[in-house]
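The values are calculated or read from the model by the stated rules, or taken from the named source; none is laboratory data. Keep in mind the model is a prediction, meaning the values are calculated, not measured. Because the Cβ atoms are built from the backbone with ideal geometry, glycine has one as well, and the counts that use them run over all protein chains shown. Surface accessibility is based on the protein's heavy atoms, side chains included, excluding ligands, DNA and RNA. Shrake-Rupley method; radii C 1.70, N 1.55, O 1.52, S 1.80 Å.
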Amino acid sequence: MWDLTLPSLCETFEKNFMMGNIILSKELDNPEIMAMYKHHYNAVTAENAMKPEHISSAPGVYDFEHADKIVKWAEENKIALVGHTFVWHAQSALWLNRNEDGTPISRAAAKANLEAFIREYGERYRGKVYSWDVVNEAFIDSDVGGRPYNGNWRDYIRRESENPRAVGHWFLAYANGAGAGECGSDYMFDSFYFARKYDPNAILYYNDYNEEFPHKRHVIADMVNDINAQWRAHAEYDGRLLIEGIGMQSHHNHIHTDVAQVRTALELFTKTGTKIAVTEMDFTFGSQQEPSRPLSPEESKKQAEMYAALFKLYKEFSVERVTVWGKNDKLSWRSWGSPTFFDETGNAKEAFHAVIAASK
């Protein structure tokens, strides 16, 4: 299935950045996948096992079975483990920030639950996780009311939404009982503070998608700068940034992705003084509403050119890690769009060879 005579991705880019991919705990028992993984990658993110809903379903109830397997495998194989994730509006248990009827719990209760969850989770893997995606996808997708970015990142935090999958439950809970000078967005600082407290040596990242789009890149950069400024004024400030990295998910496609915009985002994020990682990379053609199909020769060439251009940017800006979100096109959550370096049988695509060439 996998041709292990191909150049190794992680060895090809070993002087530039780590190369990562995702894993399911059940795949640890698949010798072909394991051999391929250790050939190409030196970083790993759990595809699902370390998301909040898979860790805790109720107060005091934690299930680390699948996460433990991945953590143990990463340790044994000296593969850098990315913890994904502590805080997310999606795939998180009700108890963290909502009552049984879905209404927000109080600010005080939400803060206590946030600390309890991160303490239990973070301390279990303390010293075993290379970096944490502490907060994932906190910001809305578009400008507020269609207006350009107004300069206040807090206005773009997820809160109420007609889409139940997009509601910012942490914001609503923190807003429920907020006093003078307090805001629902304060959960952002607390999330990173608790992550630092309970896993002090891990690198702490903020992670989001559409990160190169104009309003979102400014929202992310301003949030990072603001929270790091708050931390510098904190009694426990130790000279180290609180948010140490910005994760660019990089779920790209042939219609909306503009390499020039990616460059602009990298330039802006570099100015924050944080590390930058590409955390969930793929590149699709077509749409989810269309039938899955192989790429045409023209599309394959275009995909290869775009991947190569992006990898050249990553080298130029010295990103810390590039993680591809899918081992091949069949094993991708966006399989309809043929998004990865390998086709559904594991054969290297034109994109793979273009990326290897881009290393030179």
| Residue among 151, 181, 168 that is more than 21 Å from residue 220 (Cβ to Cβ) and of a type outside the set (Lys, Arg) | 181
| task | Answer yes if at least one residue in the range 263-277 is surrounded by 15 or more Cβ atoms within 10 Å (Cβ to Cβ), under 26 Å from residue 28 (Cα atoms) and touching a residue at least 40 places away in the same chain (Cβ under 8 Å), and no otherwise. | result | yes
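Could you grab me the full set of residues in the range 61-92 that are open to solvent by less than 10 Å² (accessible area, probe 1.4 Å) and either closer than 23 Å to residue 140 by Cα or not β-branched (Val, Ile, Thr) (or both)?
67, 74, 81, 83, 84, 85, 86, 87
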| When residues of the range 176-228 are filtered for being surrounded by 17 or more Cβ atoms within 10 Å (Cβ to Cβ) and in a loop (DSSP other than H, G, I, E, B), how many remain? | 8
| note | A careful count of residues in the range 245-257 that are in contact (Cβ under 8 Å) with a residue 12 or more places away in the chain, part of a loop (DSSP other than H, G, I, E, B) and either open to solvent by 70 Å² or more (accessible area, probe 1.4 Å) or in contact with a Gly (Cβ under 9 Å, 6 or more places away or on another chain) (or both) gives 1
| said: As an exercise: evaluate residue 175 against (1) out of contact with any Cys (no Cβ under 8 Å at 6 or more places or on another chain); (2) touching a residue at least 24 places away in the same chain (Cβ under 8 Å); (3) farther than 23 Å from residue 275 by Cβ and give the number of the one condition it does not meet. | reply: (1)
| query | Which condition does residue 318 not pass, out of (1) without any contact (Cβ under 8 Å) to a residue 60 or more places away in the chain; (2) under 29 Å from residue 134 (Cα atoms); (3) open to solvent by 60 Å² or more (accessible area, probe 1.4 Å), if it passes all the others? | reply | (1)
